[in-house]
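The values are calculated or read from the model by the stated rules, or taken from the named source; none is laboratory data. None of these values were measured; they are calculated from a predicted model. In this analysis, Cβ positions are derived from the backbone assuming ideal geometry, glycine residues included, and neighbour counts consider all displayed protein chains. Calculation scope for accessible area: heavy atoms of the full protein, side chains included, ligands and nucleic acids excluded. Shrake-Rupley method; radii C 1.70, N 1.55, O 1.52, S 1.80 Å.
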Amino acid sequence: MKIGIDKIGFFAPHMYIDMVNLAEARGDDPLKYTKGIGQDEMAVNPVTQDTVTMAANAALQLIDETDREKIDFVIFGTETGIDHSKAGAVYVNSLLGLKKNVRAIETKQACYGATAAIQLGRGHIALNPDSKVLVLASDIARYGLATPGEVTQGAGAVAILLSKDPKIMTIEQESTYQTDDIMDFWRPVYSDVAIVDGKYSNDKYIEFFADVWSAYKEKTNRDFSDFEAICFHLPYTRMGEKALKPHLESMSEDVASRLESNYKISTTYNRLVGNIYTGSLYLSLLSLLENQTDLKAGARIGLYSYGSGSVGEFFTGILEEGFREHLNTANHKELLANRKEVTVAEYETEFLKELPTDGSSIEYDEESDPATIYLSGIKDHMRQYKNKKS
């Protein structure tokens, strides 16, 4: 039985900052950001968009009434959860008007959480073939103003609907993975920004790719020549390039050229949104599917997932006949084109806004946020969400 991606979409907040302007404000050479890091723009989330609302907005464009009837598992992958106890999936289930006889959970392992959700969802469908599983990858990357990691911030969400006989991509059974208890990146429960050892984390990312790729090659007897493209988790868009580079010399010129070219295309949306942690790999996949016009059914796509701390996995998918007809390319390009550019000062103001933590109430004007689903305020320690269409 084929199981995989039936639908996929993403959401980004309505504001962004140009990285050249940010570099100049920080006294840095803009090429350090646009070339060295590989980022052109960075999404800026208003206080009215958190991981729940972004996930719900991403899913809203995908699901129809048939999906609502068949979805019986919602899995929310995030490392920016809003509650230590209650899963973001529960809020989204309500905001989307899904039925109540649904399992709803949250998965966490840094940027790997959504991949764990996909593998869990595949297992659920294997046991319940008529089910559909909604996987949500939603995060806000924060390192602090004027910090070394500031340039790798971002915000956004990817929603994926898994089913049997998928319309976009069948996920193949073979995968390889590994875990190592290291401290390259973490965020203590008392901190709203991450702590990262940048060089160590980069080295581990590259090392994990080499390890899981070697294991995959031995397990399957496949080589780089069997792939049309490889998509990477992208905390910044040069990162995957660094992992792939050591392997290029072992490939033929044609294979190396193809993988390098398709890698660049796979960074298209990420360059404009920034780091969205659990969703970054799947935004890269979406970039490839919607911007590489030469992709054909039957092509094998590799996917490298890495979550600091650390868990890594390499797995693969096969594109289905007519996959392009089931993408929301025009809507995604419109979403990005219609965003509002903000100044560095406006970005800093938004970054420093905080929700009440003392039980006091606050309300937000829905006119300030064009998204369909938004955070309307806080009351009695409870986040208040609104769907403008319900």
Please report the carbon-and-sulfur percent of the accessible area for the chain; probe 1.4 Å, protein heavy atoms only, DNA, RNA and ligands left out. 48
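Taking the Cα centre of segment 193-301 as origin and charging only Cβ (+1 Lys, Arg; -1 Asp, Glu), how large is the dipole, in debye to the nearest 20?
240
Report, for the chain, the % of DSSP beta bridges that are antiparallel, rounded to 5.
75
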Got a sec to turn the phi values of segment 183-191 into Karplus ³J(HN,Hα) couplings, 6.51 cos²θ - 1.76 cosθ + 1.60 with θ = phi - 60°, whole Hz, x for Gly and Pro? 10, 9, 6, 6, 9, x, 5, 8, 10
Report ³J(HN,Hα) in whole Hz for each residue of segment 97-105, in order, from the Karplus equation J = 6.51 cos²θ - 1.76 cosθ + 1.60 where θ = phi - 60°; Gly and Pro get x. x, 6, 5, 7, 7, 9, 7, 9, 9
Quick one: which residues, 5 or more positions from Asp184 or on another chain, have an amide H under 5 Å from its amide H? H modelled 1.01 Å from N in the peptide plane, none for Pro or chain starts. Gly309
Lys, Arg +1 and Asp, Glu -1 on Cβ, resulting dipole of segment 247-390 about Cα centre, debye, nearest 20: 300
For segment 153-287, what is the relative contact order in percent, using Cα pairs closer than 8 Å and at least 6 residues apart in sequence? 31
Residue among Asn387, Tyr347, Ser376 farthest towards the positive dipole end of segment 344-390, charges placed on Cβ: Asn387
Where the centroid of each part is defined by its Cα atoms, how far is segment 100-158 from segment 165-187 in Å? 11
Considering the Cα trace of segment 239-390, what is its radius of gyration and what is Dmax, both in angstroms? 20.4, 63
Nearest 20 debye, what's the magnitude of the dipole of the chain about its Cα centre given +1 on Lys and Arg Cβ and -1 on Asp and Glu Cβ? 760
Shape box of segment 170-284 [Cα atoms, principal axes, largest first, Å]: 48, 31, 29
Work out how much length Lys340 to Leu248 would gain on full extension: take 0.36 nm times their residue separation and subtract the Cα-Cα distance, in nm to one decimal. 29.2 nm
If you average 1/r over every pair of different alpha-carbon atoms in segment 318-390 and take one over that average, what Kirkwood value in Å do you get? 15.8
Using alpha carbon positions and the Kirkwood radius, the Rg to Rh ratio of segment 186-238 is 1.12
How many angstrom lie between the Cα centre of segment 63-93 and the Cα centre of segment 325-351? 23
In nm, spacing of pseudo-spin labels at Leu31 and Ser361 (7 Å Cα→C-beta vector): 5.6
For Ile71, other-chain or 5+-apart residues with amide H closer than 5 Å (H placed, Pro excluded) are Lys132
Segment 117-217, accessible area per residue, ligands and nucleic acids excluded (1.4 Å, Å²): 41
Mean separation of Cα contacts under 8 Å, 6 or more apart, over the residue count of the chain: relative contact order %: 24
So what J values fall out for segment 265-270 if you push phi through Karplus, 6.51 cos²θ - 1.76 cosθ + 1.60 with θ = phi - 60°, rounded to Hz, Gly and Pro as x? 5, 5, 9, 3, 6, 4
Any aspartates and glutamates whose Cα falls less than 16 Å from that of Lys333, other than same-chain ones fewer than 8 residues away, would be Asp40, Glu41, Glu290, Glu325, Glu341
Cα-Cα over 29 Å: which of Lys164/Lys242; Lys264/Lys388; Lys32/Lys388; Lys164/Lys245; Lys164/Lys296? Lys164/Lys242; Lys264/Lys388; Lys32/Lys388; Lys164/Lys245
Candidates Asn45, Asn338, Asn21, ranked by Gaussian network fluctuation over the chain, Cα under 10 Å, top entry: Asn338
Towards the positive end of the charge dipole of segment 153-312, with charges on Cβ (+1 Lys, Arg; -1 Asp, Glu), say which of Ala215, Val193, Tyr205 has the farthest Cα. Val193
Does anything in segment 147-181 have its amide N under 15 Å from the 7 Å Cα→Cβ label point of Asp197, and if so which residues? 180-181
